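The values are calculated or read from the model by the stated rules, or taken from the named source; none is laboratory data. Just so you know, these numbers come straight off a predicted model, no measurement behind them. Glycine gets a Cβ as well: all are built from the backbone with ideal geometry, and neighbour counts include every protein chain shown. These accessible areas exclude ligands, DNA and RNA; they are computed on the full protein's heavy atoms, side chains included. Shrake-Rupley method; radii C 1.70, N 1.55, O 1.52, S 1.80 Å.
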Amino acid sequence: MLDVKRGMGDWQAINQRRTMQPTDKIFVAGHRGMVGSAIVRKLEQSGFSNVLTAGREHTDLTDRAAVDALFGDEQPGVVVLAAARVGGIHANNSFPADFIRDNLQIQTNVIDSAWNHGVGKLLFLGSSCIYPRLAEQPIREDSLLTGPLEPTNEWYAIAKIAGIKMCQAYRRQYGFDAICVQPTNVYGSGDNFDLQSSHVVAALIRKFHEAKARGDATVTVWGTGTPRREFIHVDDLADACVFLLNGYSAEEIVNIGTGQEVTIAEFSAIVAHVVGFKGDIVYDADMPDGTPRKLIDSSRLAGLGWSPGIGLEDGLAQAYRWFLENVTDTA
Ligand code: GFB
């Protein structure tokens with residue numbers, strides 16, 4: 001680890017430009033995850049050919065020395081911090097220590113090492129669960145830290161809030177151009193389809209697909225079906241991230257959503273339709289609902305000139321195709 005940190009004046013001398021150049025070396029941390037892999041695809045489609053990735057076998061991002069070695073050897077100019085321990089409501093609720101520890105370690109190592117090694121821009125991916133459980137809807141960015149968090153994911157949320165605050169503090173004290181985005185619930189290619197650890201979209205695609213294949217009469221959906229969620233396809237999220245990397249530089253966090261919400265019951269019916277399951281849906285109210293409503297206000301992003309392009313049914317059809325082509329351990 002470098003022991004002498006640059007002062008703000010030195011930093012500003014280095015950081016003259018704010019937009020990315022086609023030749024920039026862009027390190028995407030977490031390139032094997034759903035979000036990281038979509039961002040790699042989007043960058044390459046957008047003409048950024050110098051994308052750096054590092055698998056866990058090469059660089060364990062929870063290991064500070066390994067992270068410093070990577071930055072020292074590779075000297076990336078831009079960093080996308082998409083690496084995180086993520087999971088759905090059950091995983092978050094069951095493994096609070098793993099979620100808070102791994103995320104604090106990964107983001108602290110990457111943000112500080114990036115700054116220490118002269119990275120010109122960093123994008124940190126947060127989550128809409130950073131906002132108070134009962135925040136006014138749609139949830140504006142300035143709702144952050146105005147009320148208690150949803151208990152099923154407060155450990156993950158606290159880690160993400162710490163990451164945001166670290167980016168903001170480094171911008172204030174050192175002039176580090178770190179920006180923070182808060183996506184709503186994400187789905188799409190490369191999702192985790194494990195029923196215990198997945199989010200609801202992947203879980204329901206698998207459940208309805210397997211029920212259809214087996215000829216089951218019912219599918220069980222967790223909770224009461226009443227919570228409301230907003231979903232964004234990962235390719236839209238990646239597009240928004242590259243858009244912001246290219247032109248956004250400010251302390252204020254930016255929500256990334258679609259503005260459309262559905263109840264879990266409505267959503268279950270849409271997934272059943274997309275998959276072609278014709279049976280009944282039953283609810284397991286012993287499983288947690290989580291936050292009752294989570295619709296984010298994406299007007300800041302809209303004001304910057306970005307809007308989503310993938311509707312929910314089209315996005316789900318794409319995600320189902322990806323599942324059929326890539327997930328082989330189905331019942
Ligand atoms: O997607 P999900 O796990 O995340 O659950 P959260 C959303 C809603 O779907 C909850 C219901 O009300 C679940 O009870 N649900 C119904 C199911 N059936 C299922 C199922 O089979 N699997 C799953 N997973 N859910 C997560 C946070 O909260 O949101 C994370 O825990 C993260 O920290 C993520 O922020 C975006 O929206 O409740």
Looking at Ile281, Ile256, Ile270, Ile310 in this structure, which one is within 15 Å of the ligand (Cβ to nearest atom) and more than 22 Å from His90 (Cβ to Cβ)? Ile256
Within the range 167-187, considering residues that are under 27 Å from Asp235 (Cα atoms) and assigned to a helix (DSSP H, G or I), the one nearest to the chain's Cα centre (by Cα): Cys167
Looking only at the range 36-43, decide whether some residue is over 14 Å from Asn116 (Cβ atoms), in a helix (DSSP H, G or I) and in contact with a Cys (Cβ under 8 Å, 6 or more places away or on another chain). yes
If Val28 passes every condition in (1) of a type outside the set (D, E, K, R); (2) more than 15 Å from the ligand (Cβ to nearest atom); (3) part of a loop (DSSP other than H, G, I, E, B); (4) under 26 Å from Gly188 (Cβ atoms) but one, which one does it miss? (3)
Looking at the range 148-166, which of its residues are surrounded by fewer than 19 Cβ atoms within 10 Å (Cβ to Cβ) and outside any helix (DSSP H, G or I)? Pro148
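Results for (1) under 18 Å from Phe176 (Cβ atoms); (2) of a type outside the set (Ser, Thr, Tyr); (3) out of contact with any Lys or Arg (no Cβ under 8 Å at 6 or more places or on another chain); (4) modelled with pLDDT of 95 or more, shown as yes or no for each residue.
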position: Ile106; (1), (2), (3), (4): yes, yes, no, yes
position: Val110; (1), (2), (3), (4): yes, yes, yes, yes
position: Ala114; (1), (2), (3), (4): yes, yes, yes, yes
position: Gly118; (1), (2), (3), (4): yes, yes, no, yes
position: Leu122; (1), (2), (3), (4): yes, yes, yes, yes
position: Leu125; (1), (2), (3), (4): yes, yes, yes, yes
position: Ser128; (1), (2), (3), (4): no, no, no, yes
position: Pro132; (1), (2), (3), (4): no, yes, yes, yes
position: Ile139; (1), (2), (3), (4): no, yes, no, yes
Just give me the residues in the range 126-142 being within 30 Å of Val51 (Cβ to Cβ) and in a loop (DSSP other than H, G, I, E, B), in sequence order. Gly126, Ser127
Scanning the range 71-91 residue by residue, those in a helix (DSSP H, G or I), open to solvent by 10 Å² or more (accessible area, probe 1.4 Å) and more than 16 Å from the ligand (Cβ to nearest atom) turn out to be Gly72, Asp73, Glu74
Scanning the range 238-259 for residues that are out of contact with any Pro (no Cβ under 9 Å at 6 or more places or on another chain) and either buried (at least 21 other Cβ atoms within 10 Å of the Cβ) or of a type outside the set (D, E, K, R) (or both) gives Ala238, Val242, Phe243, Leu244, Leu245, Asn246, Gly247, Tyr248, Ser249, Ala250, Ile253, Val254
If the requirement is being under 30 Å from Ile26 (Cα atoms), more than 8 Å from the ligand (Cβ to nearest atom) and open to solvent by 20 Å² or more (accessible area, probe 1.4 Å), which of these qualifies: Gly215, Gly175, Gly190? Gly190
When both residues are 6+ apart or on different chains and their Cβ atoms are under 9 Å apart, which pairs have a first residue that lies in the range 177-197 and is more than 19 Å from Ala319 (Cβ to Cβ), and a second that is modelled with pLDDT under 95 and assigned to a loop (DSSP other than H, G, I, E, B)? Asp177/Asn15; Asp177/Arg18
Just one listed residue, out of Leu145, Leu123, is open to solvent by less than 40 Å² (accessible area, probe 1.4 Å), farther than 24 Å from Ala202 by Cα, among the aliphatic types (A, V, I, L, M) and not in a helix (DSSP H, G or I), and it is Leu123
For the range 272-287, pairs from a residue that is more than 9 Å from Trp222 (Cα to Cα) and part of a loop (DSSP other than H, G, I, E, B) to a residue that is within 11 Å of the ligand (Cβ to nearest atom) and of a type outside the set (Gly, Ala, Ser), with Cβ under 7 Å and 6 or more apart or across chains, are Phe277/Phe208; Phe277/Val219; Gly279/Val219
